[in-house]
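The values are calculated or read from the model by the stated rules, or taken from the named source; none is laboratory data. Since the model is a prediction, treat every value here as computed from it, not as a measurement. Cβ sites come from the backbone with ideal geometry, for glycine too, and all protein chains shown count toward neighbours.
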Amino acid sequence: MNTTHQSAAKTSTGLLSILFVALVGVTVLFVAGHAQSATLHDAAHDMRHATGFPCH
């Protein structure tokens, strides 16, 4: 493998990692925000307040 292929492989691996983490984050927000379970919703609500994000 030459330097160009190594650099491209590192870039694509880094991009895939970022996309995976973003997808997991969006999934967690969606599930917690639209949860019908009062426990899950309340936990997300309390965490929003604890981190300083107003939600209402």
When Gly52 is run through (1) part of a helix (DSSP H, G or I); (2) at pLDDT 75 or above, the failure sits at (1)
A careful count of residues in the range 12-56 that are more than 16 Å from the chain's Cα centre (by Cα), of a type in the set (Gly, Ala, Ser) and surrounded by 10 or more Cβ atoms within 10 Å (Cβ to Cβ) gives 4
